[in-house]
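Take a look at the structure set out below.
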Amino acid sequence: MIREAEGTDQMQIYGLYKMLVPNSKKMRVLEDQIETMKRDPYNFLLVYEEEGEILGTLTLNICLQALHESRPYAIVENIVVHENCRSRKIGEKLLQYVEKYCRSIDCHRIMLLSNSKREKAHRFFEKMATAAQ
């Protein structure tokens, strides 16, 4: 199941982020910030959950603009799937969910941000982009 994160998901999300940036000493996942994002109609912290365990997450930001009439654009980042659950299509399901939502609000485009060192993730993202065309 894909849903918006709750403040009570803080520790599970933190565990996923540690897999994304294992050596970060500055990383802090705040329950209050998760709740703030949940109340914001333009920012989403999405999680993929099975049987109470969060196995994947990503951040979706909807950005308003004036260039393309009233059509917003989207930025997706901080995509991570639990290292023991990769190759189970969790990342694919999260990105398909984002694409469906962005189409429903008539987004002009979806941009994906990812660290240039994440070469395996980039191959996955390229595969997903090709499949979406």
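Quick notes
- Solvent-accessible area per residue, Å², over the chain with all protein chains present [probe radius 1.4 Å]: 65
- The residues Leu67, Leu16, sorted by heavy-atom accessible surface at 1.4 Å with ligands and nucleic acids left out, run Leu67, Leu16 from largest to smallest.
- Portion, in percent, of the accessible area of the chain that falls on carbon or sulfur, probe 1.4 Å: 50
- Over 25 Å (Cα to Cα) - which of Lys38/Lys117; Lys93/Lys117; Lys25/Lys100; Lys25/Lys93; Lys25/Lys89; Lys26/Lys89 fall in this group: Lys38/Lys117; Lys25/Lys100; Lys25/Lys93; Lys25/Lys89; Lys26/Lys89
- FRET efficiency for the pair Arg39 and Leu113, taken as 1/(1 + (r/R0)^6) with r the Cβ-Cβ distance and R0 = 25 Å, rounds to 0.60.
- Cα-based radius of gyration of segment 1-69 once divided by 2.2 N^0.38 Å, which approximates compact folds: 1.23
- Shape index of the chain: Rg/Rh, with Rg the Cα radius of gyration and Rh the Kirkwood radius from the inverse mean 1/r over Cα pairs, equals 0.95.
- The helix-based estimate of mean residue ellipticity at 222 nm for the chain, built from -39,500 (n - 2.57) per DSSP H run of four or more residues and divided by its residue count, is -11500 deg cm²/dmol to the nearest 500.
- GluC sites (Glu not before Pro) restricted to segment 1-58 and DSSP loop, no more than 11 other C-beta within 10 Å: Glu51
The values are calculated or read from the model by the stated rules, or taken from the named source; none is laboratory data. The structure displayed is predicted, hence computed values, not measured ones. Glycine gets a Cβ as well: all are built from the backbone with ideal geometry, and neighbour counts include every protein chain shown. Note: accessible area is taken over every heavy atom of the protein model, side chains too, but ligands, DNA and RNA are not part of it. Shrake-Rupley method; radii C 1.70, N 1.55, O 1.52, S 1.80 Å.
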